[in-house]
Amino acid sequence: MPDLAADWHLYAPDFRGHGKSGRVPGAYRLQDYADDMIAFLRQIPEPAVIFGHSLGGMVALLVAAQIPQHIRSVVVGDSPLTAECWLAHLRRTRDNLVAWRDLAGGAHTLEEISDAVGNA
């Protein structure tokens, strides 16, 4: 980021429930993240170049589709953008899903979590 900051005005917002951002019970669909970014980007005076990694890439594409007038360009890195890619990602990260489920109190099965994320 320091190299980019020499020529660009950079913002690095956290998604809800990530980094230093607070949690919002039950509001972690892709569209929820997109809505947050749309509200943020509407406050910026000129169109933005947005970079999204993984989840951020999926959200960046949703944002660009919904407010193209606020987007100069989109860069997507390492995002599972097809159903096949998403399912492969879920298989590779199954152990992480188990850990997240357990940290969240184990209220949902892995299948429910996978379905909810895949249908978001």
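The values are calculated or read from the model by the stated rules, or taken from the named source; none is laboratory data. Treat the numbers as computed from the prediction; the structure is a model and nothing was measured. Here the Cβ positions follow ideal geometry from the backbone for every residue, glycine too, while neighbour counts run over all protein chains shown.
The residue that is nearest to the chain's Cα centre (by Cα), among those in the range 24-52 that are surrounded by 16 or more Cβ atoms within 10 Å (Cβ to Cβ) and outside any helix (DSSP H, G or I), is Gly52. Are there any pairs with C-beta distances below 9 angstrom linking a residue in the range 64-91 that is assigned by TED's automatic domain parsing to the domain that holds Arg42 to a residue that is among the polar types (S, T, N, Q) and loosely packed, with under 12 Cβ neighbours inside 10 Å, with the two at least 6 apart or on different chains, and if so which? Taking only residues 6 or more apart or on different chains, the pairs are Ala64/Ser73. Leu81 fails exactly one of the following numbered conditions: (1) of a type outside the set (Asp, Glu); (2) assigned to a helix (DSSP H, G or I); (3) modelled with pLDDT of 85 or more. What is the number of that condition? Here Leu81 meets the rest and fails (2).
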